[in-house]
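Below you'll find the structure, written out as structure tokens, and then a few comments.
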Amino acid sequence: KAGVTQTPRYLIKTRGQQVTLSCSPISGHRSVSWYQQTPGQGLQFLFEYFSETQRNKGNFPGRFSGRQFSNSRSEMNVSTLELGDSALYLCATQESGQETQYFGPGTRLLVL
Amino acid sequence: GNSVTQMEGPVTLSEEAFLTINCTYTATGYPSLFWYVQYPGEGLQLLLKATKADDKGSNKGFEATYRKETTSFHLEKGSVQVSDSAVYFCALFSGSARQLTFGSGTQLTVLP
């Protein structure tokens with residue numbers, strides 16, 4: 001099976017702009033989770049989607065949002081970008097009823 | 001809440017040395033435990049996992065045993081290689097929280 005894919009791999013934006021990141025799960029995986037990785041805060045959970053519904057949410061401001069489509073592909077959106085949003089954004093997918101998450105290569109976002 | 005405490009790095013070893021990276025956790029219930037590895041510029045790769053007490057996860061010469069009595073999941077390898085140089089993350093998945101909680105990561109460098 002193909003692995004988790006994320007696009008784009010790299011992004012450069014300026015403060016105040018918005019950005020949309022995409023994640024395509026492993027075939028058959030219906031749960032998609034998003035994590036933010038920064039040198040200072042480490043890996044932090046953003047949210048999880050299952051069957052097009054947000055099932056769980058981490059402690060991030062409302063500028064961070066996401067959605068999931070009927071084919072399980074997911075997008076996350078960050079509006080009004082701040083310098084502190086510069087990070088590696090990782091998507092992870094898992095099968096229903098399983099606890100193992102498989103990660104994509106990440107999207108590296110740089111906010112200038 | 002759930003938390004994972006991981007051995008501080010960086011760790012530098014010579015090739016063929018023995019590796020131990022300590023990991024302890026705090027969680028309600030009975031979480032599943034994982035070790036992930038991250039190579040430069042990449043996402044997280046699942047290294048091994050254990051889903052219940054006394055389970056031993058193993059892969060590519062790495063091993064870790066789920067110790068409920070000491071709430072630990074230490075990573076070991078008998079003989080490291082230069083190609084093992086990477087950042088290693090200990091993590092737990094709690095069914096109630098439905099998210100991975102990560103340790104801070106340990107940078108391993110193996111010198112030839």
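Values quoted throughout were computed directly from the atomic coordinates according to the rules given, and no laboratory measurement underlies them. Bear in mind the structure is a predicted one, so any value in this text is a computation, not a measurement. With ideal geometry, Cβ positions are generated from the backbone for all residues, glycine too; neighbour counts draw on all protein chains shown.
Points worth noting:
- Take the Kirkwood radius over Cα pairs of the protein assembly as shown, plug it into Stokes-Einstein at 25 °C and 0.890 mPa s, and you get 136 µm²/s for translational diffusion.
- Shielding value for B:96-104 is 5, the average number of Cβ atoms from other chains within 10 Å of each residue's Cβ.
- Considering only B:Ser72, B:Tyr30, B:Gly61, and ranking their Cα positions along the charge dipole of chain B that arises from unit charges at the beta-carbon of Lys, Arg, Asp and Glu, the one farthest toward the positive end is B:Tyr30.
- In this simple spin-label model, placing a label point 7 Å from the Cα along the Cα-to-Cβ direction at both A:Asn56 and B:Glu76 gives a separation of 3.0 nm.
- Applying a DSSP loop filter and a limit of 12 other Cβ atoms within 10 Å to the chymotrypsin sites (Phe, Trp or Tyr not before Pro) in the stretch B:15-104 leaves B:Phe18.
- Per-pair calculated FRET efficiency, R0 = 30 Å: B:Asn22 and A:Leu110 via Cβ, rounded to 0.05: 0.35
- The count of lysine pairs in the stretch B:19-112 with alpha-carbon distances below 14 Å, taking only pairs 8 or more places apart or on different chains, stands at 5.
- Computed over chain A, Kirkwood Rh from alpha-carbon pairs, angstrom: 13.9 Å
- Only one residue of B:Gly41, B:Gln81, B:Gly103 has its Cα farthest out toward the positive end of the dipole of chain B, where Lys and Arg carry +1 and Asp and Glu -1 on Cβ, and that residue is B:Gly103.
- Cα gyration tensor of the stretch B:6-112 - equivalent ellipsoid semi-axes, whole Å, descending: 24, 14, 11
- Other protein chain Cβ atoms within 10 Å, averaged over every residue that makes up B:42-49: 5
- Inter-chain Cβ neighbour average for residues B:29-38, partner chain, 10 Å: 2
- Chain A: relative contact order in percent, alpha carbon pairs under 8 Å with at least 6 residues between: 36 percent
- In a reduced charge model with +1 at each Lys and Arg Cβ and -1 at each Asp and Glu Cβ, the protein assembly as shown shows a dipole moment near 700 debye about its Cα centre.
- When the GluC sites (Glu not before Pro) in the stretch B:1-98 are filtered for DSSP coil states and for at most 16 other beta-carbon atoms within 10 Å of their beta-carbon, the remaining sites are B:Glu8, B:Glu15, B:Glu16, B:Glu42, B:Glu69.
- For the protein assembly as shown, every Cys residue has a second cysteine's beta carbon closer than 4.7 Å.
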